[in-house]
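One structure is given here, and the rest of the page talks about it.
The values are calculated or read from the model by the stated rules, or taken from the named source; none is laboratory data. The model shown is predicted, which means the values in this text are computed figures rather than measured ones. Neighbour counts are summed over all protein chains in view; Cβ atoms, including those assigned to glycine, are modelled from backbone coordinates with ideal geometry.
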Amino acid sequence: MEGMFSDNDLSHVVEADKAHVWHHLSQHKPYETSDPRIIVEGKGMRVWDQNGKEFLDSVSGGVWTVNVGYGRESIANAVRDQLLKLNYFAGSAGSIPGSLFAEKLISKMPGLSRVYYLNTGSEANEKAFKMVRQIAHKKYGGKKHKILYRDRDYHGTTITCLSAGGQDERNVQYGPFTPGFVRVPHCLEYRKHEQDGAPEANYGEWAAEQIEQVILREGPDTVGALCLEPVTAGGGVIVPPEGYWQKVQDICDRYDILLHIDEVVCGVGRTGTWFGYQHYGLKPDMVTMAKGVASGYAAIACLVTTEEVFNHFKDDPTDKLNHFRDISTFGGCTSGPVAALENMRIIEDENLLANTDAMGARMMDNLHTLMDKHRVIGDVRGKGLFCGVELVSDRTTKDVVTEAHVAAVVAECGARGVIIGASNRSVPGKNNCLCFSPALISTADDIDQITDAVDGALTKVFG
Ligand code: PLP
């Protein structure tokens, strides 16, 4: 990719970026004096910056999105053909790609039957919350309106999604928040010593019981839904232990609480099954998904529900307020479901779920080997091609390393040609997890290249 831009073009792009682009999640003062990395091209697992430097991308576009890898001609062609045929019509009408993708998606989600089209994960979660509120009004006189969310989980960036946000660092200065959202404890076995009363054995069941305690305190007749990530992503790649999910399902069943699973990160293959909840035999009432649905080739998110949830909104022609009074303009873009359909075909035809399983196991093995070598690794966790490494300054106290240390490891991996991620541990100064979510097409060599870079970076930063 060397020489892709002339020096002239290059300096112009960088100038325009620095002068006019307000970057996501960025501190702009240091950015202004930095030498920014502008990613200009991608193919398979790799991307190139404006200087032609090649990187192996271990986080699928930075935020675990490009599940089938970059440069997929078949997706580009399907989107192009559809755009020329019909680019858009409002989602109150039907569309060929919308119907076909909904049918395909539902075939992978037994027990669920309705697909509501949107554009972002935040929007999908926000609409799910809206459904819960409307059901509360229609069925329970407004009483069963509270929505429970978990410490360390993240469900999006709007004020209402932040109201359901378990990562405090993201919430500071954005209140006041939407009322009616109630936090429940997390389920991170490695840090159970930070939770009063956590037992040595059966931690998963105990953690689920903490949710029940909150429900009993709030009053079960006031709680409408429980919203959870199957594997907590940005909060530190948290995979709950045995016993947790079964108990969560039992609690939802017992108290007639809707189970809303946020699959925005885990959805569409990331953990080695189509959806993360499918590892645990859960029966969700609502599932939201976004990132991997079309691997970033088009902006699409979906809120998928059971027929039972849908039936709450079935039109009673005598009551104009009875249906789900909601719209998303760009939920009618046909590029989304076309790209999503082709994305799913690729995952099936290339057997990428099995590959995710196999390569995820390899990555976990490699990371455990690194743990034997580097005392700074306190914990390794993951599911499929979604792994996290928690860095601690002391394995006994589990004190975390500094954010500066984490940033140095990320930068050193970048210098070695591998882009890795770091998670947010919610409390400022505790951003101590390295994150990996390479594309589902990863080969053994790719995985080894990623973990070799981490090995080198840890040696360089920590000795
Ligand atoms: N839910 C989870 C679990 C996420 O990780 C994210 C984003 O990272 C969202 C929801 C919000 O998605 P979006 O950024 O598309 O609004």
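Of the residues in the stretch 206-222, at least one is part of a loop (DSSP other than H, G, I, E, B), more than 29 Å from Glu403 (Cβ to Cβ) and more than 16 Å from the ligand (Cβ to nearest atom).
Being out of contact with any Lys or Arg (no Cβ under 7 Å at 6 or more places or on another chain) and part of a loop (DSSP other than H, G, I, E, B) is the filter; apply it to the stretch 131-153 and report the residue that is nearest to Glu307 (Cα to Cα). So, considering only residues that are out of contact with any Lys or Arg (no Cβ under 7 Å at 6 or more places or on another chain) and part of a loop (DSSP other than H, G, I, E, B), the one nearest to Glu307 (Cα to Cα) is Lys144. Scanning the stretch 109-156 for residues that are in contact with a Phe, Trp or Tyr (Cβ under 9 Å, 6 or more places away or on another chain) and among the β-branched types (Val, Ile, Thr) yields Val115, Ile135, Ile147. Within the stretch 277-294, can you find the residues that are touching a residue at least 12 places away in the same chain (Cβ under 8 Å), surrounded by fewer than 24 Cβ atoms within 10 Å (Cβ to Cβ) and part of a helix (DSSP H, G or I)? Within the stretch 277-294, His279 is the sole residue that qualifies. In the stretch 133-171, of all residues being within 16 Å of the ligand (Cβ to nearest atom) and β-branched (Val, Ile, Thr), the one that is surrounded by the fewest Cβ atoms within 10 Å (Cβ to Cβ) corresponds to Ile159. With respect to Ser95, determine if the residue is of a type in the set (Gly, Ala, Ser) and away from the ligand (no atom under 16 Å from the Cβ). In short, yes. The one condition from (1) modelled with pLDDT of 95 or more; (2) closer than 26 Å to Ile447 by Cα that Asn51 does not meet is (1).
Looking at this structure, is Ile211 farther than 27 Å from Leu434 by Cβ and under 23 Å from the mean Cα position of the chain (by Cα)?
Working: farther than 27 Å from Leu434 by Cβ: yes; under 23 Å from the mean Cα position of the chain (by Cα): yes.
Yes, satisfied.
Total residues in the stretch 326-383 satisfying the condition of being assigned to a helix (DSSP H, G or I) and among the acidic types (Asp, Glu): the figure is 6.
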